[in-house]
Amino acid sequence: MSKYEKGKVIKGTVTGVENYGIFISVDEEYTGLIHISEISHNFVKNVNDFVKIGDIINVEILDVDDKNNHIKLSIKNIKYKNVNKIRKKRIYETPNGFNTLSEKLPNWIEENLKKGINFTNYIDK
């Protein structure tokens, strides 16, 4: 019985990019290839436009070769880049600006002086 099943979507790490396809490491045992014909429904001029080495992407399993621990993969019918994306929060300036920092800084310095922290190493001379 195969560890992986045809039609399932799994995560893999891009380990190589060639003009004919993308090499994927699925786990410690299995590797896979996304042939250039399985990257997009449109013409693929440059495979590097889709991924770079080290990317973790979603991949769809087309076929599994358990004897050689190789998987044929595709990304053309799935959203392959929605893995581990960190949304950046937009920073908005408050009406007080840096006033809050300048108000709190003397208290923070005083608290740390009481703890015995020496600030002489942090002051520009």
- Work through the residues other than I39 whose Cβ is under 15 Å from its Cβ and net out their charges, Lys, Arg +1 and Asp, Glu -1. +1
- Item | Coil-residue GluC sites (Glu not before Pro) of segment 29-72, DSSP, other Cβ within 10 Å capped at 14 | E29
- Note on the structure: Env charge @ I71, Cβ radius under 15 Å, K,R +1 / D,E -1, value -3
- So who's got an amide H within less than 5 Å of the one on G21, skipping anything under 5 residues away but keeping other chains? H placed 1.01 Å off N, in plane. I36
- Grab the other residues whose beta carbon is less than 15 angstrom from that of G21, score K and R as +1, D and E as -1, and report the net. -2
- Which ordering of I75, I117, I24 is given by a fewest-first count of other beta-carbon atoms within 10 Å? I117, I75, I24
- Message: Neighbour counts of other C-beta atoms within 10 Å: give me I61, I71 arranged from fewest to most.
- Response: I61, I71
- Query: Any idea what Rg and Dmax come out to for segment 9-74 if you just take the C-alpha atoms, in Å?
  - Reply: 11.1, 33
- Task: Starting at the first residue of segment 30-44, write each ³J(HN,Hα) from the Karplus equation 6.51 cos²θ - 1.76 cosθ + 1.60 with θ = phi - 60°, in whole Hz, x for Gly and Pro.
- Result: 9, 10, x, 9, 9, 5, 3, 6, 9, 8, 8, 6, 8, 5, 9
- Among L105, L62, which comes first, then next, by fewest other beta-carbon atoms within 10 Å? L105, L62
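Each value in this text was obtained by applying a stated rule to the coordinates, not by laboratory testing. Since this is a predicted model, take the numbers as computed values, not measurements. No Cβ is skipped: glycine too gets one built from the backbone with ideal geometry, and neighbour counts run over all protein chains shown.
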